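Structure first, then comments.
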Amino acid sequence: MQIFLEQLHQVLDQKYILTEDQDKNPYLTDWRKRYTGKALAVVLPRTAQEVAQIIRLCAINQVAVVPQGGHTGFCGGATPDSSGKQIVLNLKRMNTIREIDVANQTITVEAGCILQAIQEKAAAQDFLFPLSLGAEGSCMIGGNLATNAGGTNVLRYGNTRDLCLGLEVVTAKGEIWNGLKGLRKDNTGYDLRDLFIGSEGTLGIITAAVMKLYPLPISQWTTLVAADSVVSTITLLNLFQKRATSLLTGFEMMTQESLDLNEKHFPQMANPLKGNPPYTVLIELSDHESEAHVRQLLETILEEAFEAGLISDAVIANNLAQANTFWHMREHITLAQAEEGANLKHDITIPLSALESFIEETDALVRAKFPGVRIINFGHLGDGNLHYNIAPPIGVDHKAFNLTNEKPIHELVYAQVERCQGSISAEHGVGQLKLEGLRAHKGEVAHELMKTLKRALDPQNILNPHKVVSI
């Protein structure tokens, strides 16, 4: 391996090749501190050409490479194994916003660009880049693309895949595919872009992308509403979709247990609705007309919801600061869980038609088999994405509980997901966390097709091996 390291020095300056433990350690543990690996080196390239040279050296020396962005993933997809023979390829130095094409309404960005920086650059040109995540201050667009991240605006704008028009990718051979075209129509055979998006660096390394921009909304109104049941929240969603159509940009559901945990660790995040109802729904409308127009529409829909008995209370944000407070309530649930201790996460998607059945039956099964557990259920109700997480009973050691009960709880929840024809991964990806269960979930034919693609594009299995699919 010494020869390989010497070859790396021909590509990168010494300060961008980290080999000392104290320098490598920040890159070796995932965000949830669930996985910790070892690495031969951590390399920090600045250009796609440097990435290509590094990958060519890896191919020659049969060294596996783990691509890494902001290191905010939940499934261990950017964490090396324990062999100490892999390198981590962190793209944080590739952070240039190459171009904003005003006429085409696109922005071309490198993989290491922080999501929030892209949002701010777009806003400075009176555009909206709608991808929005709790980790947007540290996650990077390359990782968002690699996992096909979702976030809070999927209902209106789609996942990261739907926001991307073109990619620049380094292949397992160390070749650069330049597909940075800002075209909304390009029917010339296989869609290579969609092949790499969501592949978590197992088929190629995304180094840059052309992303869609949208006109910046003139006004936004945000409200919190109280509902007593799952069916009420779904009926409320249908009402807003019918009345507000494309103006509906956010529809987030939070359970009472989720917000209780929030208030425990962040008292300033107390629910302003009376009595912290069984279900709190955060709704946002965005408009390109006047503030009065969307405010009137929101009030009209809420009045109809009150009259139909769908909601029992509502608070409309009077200013941007209060709207941000509502969104912070939603975003802090994840932080509250981290403060409380390790919990068992399920990032799942359920068809809206089966959502009531899933929640009621799964809640009952979990509580019956694991008495005292806390079900921290919240998520993007508008697209059926639930973060259905299980915390141990109060006073029970988190590590001991998870060690004993992780497998049976996962099996129970995922069996319910299958019963409802849902997905075991909605927006966090597969990584190494869900690798074992993917074959059964995808089905034999789909899983074999995935393995065929992996063998064809990465025959040496050097790109993020043992993530997503094993060959």
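The values are calculated or read from the model by the stated rules, or taken from the named source; none is laboratory data. The structure displayed is predicted, hence computed values, not measured ones. Virtual Cβ from ideal backbone geometry, glycine too; neighbours counted across all protein chains shown. What goes into the accessible areas is simple: the full protein's heavy atoms, side chains included, and nothing from ligands, DNA or RNA. Shrake-Rupley method; radii C 1.70, N 1.55, O 1.52, S 1.80 Å.
Kindly list the number of the only condition in (1) surrounded by 21 or more Cβ atoms within 10 Å (Cβ to Cβ); (2) in contact with a Ser or Thr (Cβ under 9 Å, 6 or more places away or on another chain); (3) hydrophobic (A, V, I, L, M, F, W, C) that fails for LEU5.
The one condition LEU5 does not meet is (1).
From the list GLN241, GLN220, which residue is open to solvent by 50 Å² or more (accessible area, probe 1.4 Å) and outside any helix (DSSP H, G or I)?
Values: GLN241 fails: outside any helix (DSSP H, G or I).
Step by step, each of GLN241, GLN220 is checked, and only GLN220 is open to solvent by 50 Å² or more (accessible area, probe 1.4 Å) and outside any helix (DSSP H, G or I).
State whether one or more residues within the stretch 399-412 are free of Cβ contacts under 8 Å to residues at least 40 places away in the same chain and under 24 Å from PRO351 (Cα atoms).
First pass over the stretch 399-412, keeping only residues free of Cβ contacts under 8 Å to residues at least 40 places away in the same chain: 400-401, 403-404, 407-408, 411.
Applying the additional criterion that residues be under 24 Å from PRO351 (Cα atoms) yields 408, 411.
So far as the stretch 399-412 goes, yes, one or more of its residues are free of Cβ contacts under 8 Å to residues at least 40 places away in the same chain and under 24 Å from PRO351 (Cα atoms).
Test THR249 against the criterion of being of a type outside the set (Gly, Ala, Ser), surrounded by 24 or more Cβ atoms within 10 Å (Cβ to Cβ) and in contact with a Ser or Thr (Cβ under 6 Å, 6 or more places away or on another chain), and give yes or no.
Working: of a type outside the set (Gly, Ala, Ser): yes; surrounded by 24 or more Cβ atoms within 10 Å (Cβ to Cβ): yes; in contact with a Ser or Thr (Cβ under 6 Å, 6 or more places away or on another chain): yes.
Judged against the criteria, THR249 is a match.
Does any residue of the stretch 194-211 turn out to be touching a helix residue (DSSP H, G or I) at 6+ places or on another chain (Cβ under 7 Å) and either part of a helix (DSSP H, G or I) or free of Cβ contacts under 8 Å to residues at least 40 places away in the same chain (or both)?
Yes, that holds for at least one residue.
Taking only the stretch 32-49 into account, find how many residues are touching a helix residue (DSSP H, G or I) at 6+ places or on another chain (Cβ under 9 Å), in a loop (DSSP other than H, G, I, E, B) and surrounded by 19 or more Cβ atoms within 10 Å (Cβ to Cβ).
4
Hey, among the residues in the stretch 423-447 that are farther than 17 Å from GLY198 by Cβ and touching a helix residue (DSSP H, G or I) at 6+ places or on another chain (Cβ under 9 Å), which one's modelled with the lowest pLDDT? Write out each step before concluding.
Of all residues in the stretch 423-447, those farther than 17 Å from GLY198 by Cβ come to 436-437, 439-440, 443-445.
With the extra rule that they be touching a helix residue (DSSP H, G or I) at 6+ places or on another chain (Cβ under 9 Å), the set shrinks to 437, 439-440.
Numbers: GLY437: 82, ARG439: 85, ALA440: 85.
My answer is GLY437.
For (1) among the aliphatic types (A, V, I, L, M); (2) in contact with a helix residue (DSSP H, G or I) (Cβ under 9 Å, 6 or more places away or on another chain), each residue gets a yes or a no:
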| site | (1), (2) |
| --- | --- |
| HIS387 | no, yes |
| ILE390 | yes, yes |
| VAL396 | yes, no |
| ALA400 | yes, no |
| PRO408 | no, yes |
| TYR414 | no, yes |
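How many residues does the stretch 244-258 contain that are aliphatic (A, V, I, L, M) and not in a helix (DSSP H, G or I)? Steps first, please.
Initial filter on the stretch 244-258 (aliphatic (A, V, I, L, M)): 244, 247-248, 253-254.
Those still in the list that are not in a helix (DSSP H, G or I) too: 248, 253-254.
Selection size over the stretch 244-258: 3.
Among the listed residues ALA270, ALA292, ALA314, identify the single one that is open to solvent by 60 Å² or more (accessible area, probe 1.4 Å) and small (Gly, Ala, Ser).
On the way: ALA270 fails: open to solvent by 60 Å² or more (accessible area, probe 1.4 Å); ALA314 fails: open to solvent by 60 Å² or more (accessible area, probe 1.4 Å).
Going through ALA270, ALA292, ALA314 in turn, just one is open to solvent by 60 Å² or more (accessible area, probe 1.4 Å) and small (Gly, Ala, Ser): ALA292.
Quick one: in the stretch 152-175, of everything that is among the charged types (D, E, K, R) and either within 19 Å of the chain's Cα centre (by Cα) or in a helix (DSSP H, G or I) (or both), which residue is surrounded by the most Cβ atoms within 10 Å (Cβ to Cβ)? Outline the logic, then answer.
Start the filter on the stretch 152-175 by keeping residues that are among the charged types (D, E, K, R), which leaves 156, 161-162, 168, 173, 175.
In the following step, the residues that additionally are either within 19 Å of the chain's Cα centre (by Cα) or in a helix (DSSP H, G or I) (or both) were identified as 156, 161-162.
Details: ARG156: 20, ARG161: 15, ASP162: 13.
It comes out as ARG156.
Examine the stretch 176-188 for a residue that is at pLDDT below 95, among the aromatic types (Phe, Trp, Tyr), more than 15 Å from ILE118 (Cβ to Cβ) and open to solvent by 10 Å² or more (accessible area, probe 1.4 Å), and state whether such a residue exists.
Checked the stretch 176-188: no residue is at pLDDT below 95, among the aromatic types (Phe, Trp, Tyr), more than 15 Å from ILE118 (Cβ to Cβ) and open to solvent by 10 Å² or more (accessible area, probe 1.4 Å).
Quick check on my filter: what residues within the stretch 416-428 are aliphatic (A, V, I, L, M) and part of a loop (DSSP other than H, G, I, E, B)?
Restricting attention to the stretch 416-428, the residues satisfying the condition of being aliphatic (A, V, I, L, M) are 417, 424, 426.
Those that are aliphatic (A, V, I, L, M) and part of a loop (DSSP other than H, G, I, E, B): ILE424, ALA426.
Quick check on my filter: what residues within the stretch 291-319 are touching a residue at least 12 places away in the same chain (Cβ under 8 Å), among the charged types (D, E, K, R) and out of contact with any Pro (no Cβ under 8 Å at 6 or more places or on another chain)?
Hits for the stretch 291-319 are GLU291, ARG295, GLU299, GLU304.
Inside the stretch 315-343, can you point out the residues that are among the small types (Gly, Ala, Ser), under 19 Å from HIS380 (Cα atoms) and over 21 Å from the mean Cα position of the chain (by Cα)? Steps first, please.
If we filter the stretch 315-343 for residues that are among the small types (Gly, Ala, Ser), which is where we start, we get 317, 321, 323, 336, 338, 341-342.
The next check asks that each one be under 19 Å from HIS380 (Cα atoms); those that pass are 323, 336.
ALA323 - this is the single residue of the stretch 315-343 that is among the small types (Gly, Ala, Ser), under 19 Å from HIS380 (Cα atoms) and over 21 Å from the mean Cα position of the chain (by Cα).
Just the residues that are in contact with a helix residue (DSSP H, G or I) (Cβ under 8 Å, 6 or more places away or on another chain), of a type outside the set (Lys, Arg) and either open to solvent by less than 10 Å² (accessible area, probe 1.4 Å) or closer than 24 Å to LYS264 by Cα (or both), please, taken from the stretch 356-378.
Of all residues in the stretch 356-378, those in contact with a helix residue (DSSP H, G or I) (Cβ under 8 Å, 6 or more places away or on another chain) come to 356, 358-362, 365-366, 369-370, 373-378.
Then keep just the ones that are of a type outside the set (Lys, Arg); that gives 356, 358-362, 365-366, 370, 373, 375-378.
Within the stretch 356-378, PHE358, ILE359, THR362, VAL366, PHE370, VAL373, ILE375, ILE376, ASN377, PHE378 meet the criteria.
Please determine whether any residue of the stretch 276-291 is out of contact with any helix residue (DSSP H, G or I) (no Cβ under 7 Å at 6 or more places or on another chain), assigned to a helix (DSSP H, G or I) and either on the phi < 0 side of the Ramachandran plot or modelled with pLDDT under 95 (or both). Show your work before the answer.
Restricting attention to the stretch 276-291, the residues satisfying the condition of being out of contact with any helix residue (DSSP H, G or I) (no Cβ under 7 Å at 6 or more places or on another chain) are 284, 288-291.
If we keep only those that are assigned to a helix (DSSP H, G or I) too, we end up with 291.
Of the ones still in play, those that are also either on the phi < 0 side of the Ramachandran plot or modelled with pLDDT under 95 (or both) are 291.
There is at least one residue in the stretch 276-291 that is out of contact with any helix residue (DSSP H, G or I) (no Cβ under 7 Å at 6 or more places or on another chain), assigned to a helix (DSSP H, G or I) and either on the phi < 0 side of the Ramachandran plot or modelled with pLDDT under 95 (or both).
Considering LEU433, LEU457, LEU381, which residue is in contact (Cβ under 8 Å) with a residue 60 or more places away in the chain, open to solvent by less than 10 Å² (accessible area, probe 1.4 Å) and either under 26 Å from GLY142 (Cβ atoms) or not β-branched (Val, Ile, Thr) (or both)? Give the steps one after another, and end with the answer.
Working: LEU433 fails: open to solvent by less than 10 Å² (accessible area, probe 1.4 Å); LEU457 fails: open to solvent by less than 10 Å² (accessible area, probe 1.4 Å).
Answer to the check: LEU381.
What do you reckon, is HIS441 touching an Asp or Glu at 6+ places or on another chain (Cβ under 8 Å), within 30 Å of THR171 (Cα to Cα) and either crowded, with 17+ Cβ neighbours inside 10 Å or acidic (Asp, Glu) (or both)?
On the way: touching an Asp or Glu at 6+ places or on another chain (Cβ under 8 Å): yes; within 30 Å of THR171 (Cα to Cα): yes; either crowded, with 17+ Cβ neighbours inside 10 Å or acidic (Asp, Glu) (or both): yes.
Here the answer is yes, as HIS441 does meet what is asked.
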